[in-house]
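Down below is the structure, laid out as structure tokens.
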Amino acid sequence: MRSRPLAWQLPVVAALAGAWSAAGYFLWQSRVPTSLSLPNLHPHSFFTAHVLSRTAHFEQFLELSWIGQQVLLVAVFAAYAIWGTRFMQESAAGRIGTGIFLAMMGFALTWFVQVPFEVLDTWWERRYGVLNVSYAAVVLGGWLRLGFTFLTLSIAVAIVMGIATWLRQLWWVAAVPVFVAIALLQTFVGPYLIGGHPLRDDDPALAAAAKRLERKEGVPGIPVNVLVVHTYTPEENAFATGVGPSRKVFLYDTILTGGLNERQLEAVLAHEFGHQARNHLWKELGWYALFAFPEAFLIALACRRRGGLYRPEAIPVALLVVVLFNLAAVPAQNLITRHYEAEADWMSLQTTRDPTALAGVMRHFGAHDLADPSPPTWAYVLFADHPTLIQRIAMTDAWKRRNG
């Protein structure tokens with residue numbers, strides 16, 4: 001079957017670009033007033049010089065480690081895109097089987113890149129007392145993640161190459177909805193696999209407050225579970241996950257014993273219920289789809305000279321495009337998640353009407369979780385998937401002024 005010329009794809013690309021813009025506009029909508037102006041607060045007014053110095057030093061090392069890892073990762077995949085087809089002579093598994101083999105070989109190389117950095121990061125986090133795991137567990141975890149990557153990658157390559165058998169250069173139009181459906185399934189099933197125990201077992205009063213808060217935010221019936229993490233980290237955290245009947249909120253057990261009072265814990269819960277009330281998990285799936293379409297299109301373009309993803313020779317090039325696209329998309333993805341986290345903070349303020357409690361949570365996190373309250377701009381763009389602690393405190397101040 002002859003491949004379709006690129007001109008045939010232009011109407012499809014134009015239609016998708018229009019739909020992309022419209023969908024992005026609706027996904028961006030927020031309850032935070034567009035007229036809201038955050039005051040310019042100075043970190044030293046809320047955090048000691050010791051906390052500011054310690055958090056900046058801690059995060060700077062991890063940031064530089066991540067940059068080094070990404071540079072090496074890009075270099076490895078660039079080399080693999082050039083010479084990776086030499087591994088084809090080791091495979092006799094047919095067209096799709098050889099494509100899967102090349103994909104697995106490519107990501108096996110990532111293990112050799114990532115594990116040394118993970119060991120280095122673990123050493124740093126152990127030094128600062130925010131992680132308590134052995135180096136053997138880090139290496140073993142790398143193997144387990146690699147095995148899971150092999151499985152998911154094999155399925156992805158089989159799906160793409162199978163679709164390319166019929167649609168050739170237009171495979172990406174049909175493949176993206178398939179991957180979005182898989183992501184939806186993972187989001188739905190994930191909360192059932194995390195575990196934990198009900199909040200009422202640890203704090204019945206807070207569990208009763210959670211019921212009141214979720215009714216107030218219009219999301220009754222969402223379970224709140226506690227995850228036992230204190231054996232390997234003192235980090236305090238909470239998160240919302242799941243869609244539809246699988247929606248849940250999880251609290252680390254460390255946040256219940258870390259020094260926050262009941263009002264502050266209610267502010268945390270209201271923030272997580274805010275994610276559910278504003279359908280942030282659904283919206284993240286929407287953004288996943290919006291980013292997946294241009295990524296798949298760029299992969300299709302880059303692979304044309306090697307016969308498209310119908311041919312296994314194109315797999316090393318496709319992997320390089322995936323690595324480069326995901327790296328380039330990091331600032332945009334961080335911007336989106338910061339936007340939703342800010343909205344969840346606003347929902348918490350609207351629900352609890354207690355800006356002092358939420359501001360206290362942020363000051364506590366700065367002192368105990370080693371989150372830099374005010375990182376440099378380049379680090380904020382590359383690494384911050386939440387507003388800075390100073391920005392979040394500033395929102396409580398802006399809410400207070402707005403509400404008298």
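The values are calculated or read from the model by the stated rules, or taken from the named source; none is laboratory data. On a predicted model such as this, the values are computed, not experimentally measured, just so you know. Backbone-built Cβ (ideal geometry, glycine too); neighbour counts: all protein chains shown. SASA here: full protein model, heavy atoms, side chains in, ligands and nucleic acids out. Shrake-Rupley method; radii C 1.70, N 1.55, O 1.52, S 1.80 Å.
Amide hydrogen proximity for Asn132: with H placed 1.01 Å from N in the peptide plane, the residues at 5 or more positions away or on another chain lying under 5 Å are Thr233.
Rounded to the nearest 20, the size of the Cβ-charge dipole of segment 218-302 about its Cα centre is 300 debye, with Lys and Arg at +1 and Asp and Glu at -1.
In this structure the chain gives 48 Å² per residue of accessible area when probed at 1.4 Å with all protein chains present.
Exposed loop positions in the chain were taken to be trypsin sites (Lys or Arg not before Pro) whose DSSP state is not H, G, I, E or B and which have at most 14 other beta-carbon atoms within 10 angstrom. Between these positions, the longest stretch is 32-352.
Here segment 1-139 is treated as a sphere whose radius is the Kirkwood value from Cα pairs; by Stokes-Einstein at 25 °C and 0.890 mPa s it diffuses with a coefficient of 116 µm²/s.
Across segment 219-235, rounded Karplus estimates of 3J(HN,Hα) from the backbone phi angles (6.51 cos²θ - 1.76 cosθ + 1.60, θ = phi - 60°) give 10, x, x, 8, x, 10, 10, 10, 9, 7, 10, 5, 6, 10, 7, x, 4 Hz, Gly and Pro being marked x.
Note on segment 164-227: with neighbouring protein chains present and a 1.4 Å probe, carbon and sulfur make up 67 percent of its accessible heavy-atom surface.
Across the chain, the relative contact order, built from alpha-carbon pairs under 8 Å that are at least six residues apart, equals 23 percent. Using bins of 10 Å that start at zero, the share of Cα-Cα pairs per bin across segment 235-313 amounts to 16, 28, 20, 15, 14, 6, 0, in whole %.
3J(HN,Hα) along segment 358-374: 5, 4, x, 4, 5, 5, 5, 4, x, 7, 10, 9, 6, 8, 5, x, 8 Hz, from the Karplus curve 6.51 cos²θ - 1.76 cosθ + 1.60 with θ = phi - 60°, whole Hz, x for Gly and Pro.
The calculated FRET efficiency for the pair Asn261 and Thr165, based on their C-beta separation and a Förster distance of 51 Å, comes to about 0.25.
For the cross-link pairs Lys248/Lys283; Lys216/Lys248; Lys248/Lys400, the ones whose C-alpha atoms lie over 23 Å apart are Lys248/Lys400. Here the scattering of the chain is modelled by Debye summation over its C-alpha atoms, one equal scatterer each and no solvent; at q = 0.09, 0.11 Å⁻¹ the log10 of I(q)/I(0) is -0.65, -0.95. Solvent-free Debye calculation, one equal scatterer per alpha-carbon of segment 95-244: log10 I(q)/I(0) at 0.09, 0.13, 0.17, 0.19 Å⁻¹ equals -0.50, -0.91, -1.11, -1.17. Counting only residues at least eight positions apart within a chain, or on another chain, the aspartates and glutamates with an alpha carbon under 20 Å from that of Lys211 are Asp201, Asp202, Asp203, Asp253, Glu262, Glu266, Glu272, Asp345, Asp354.
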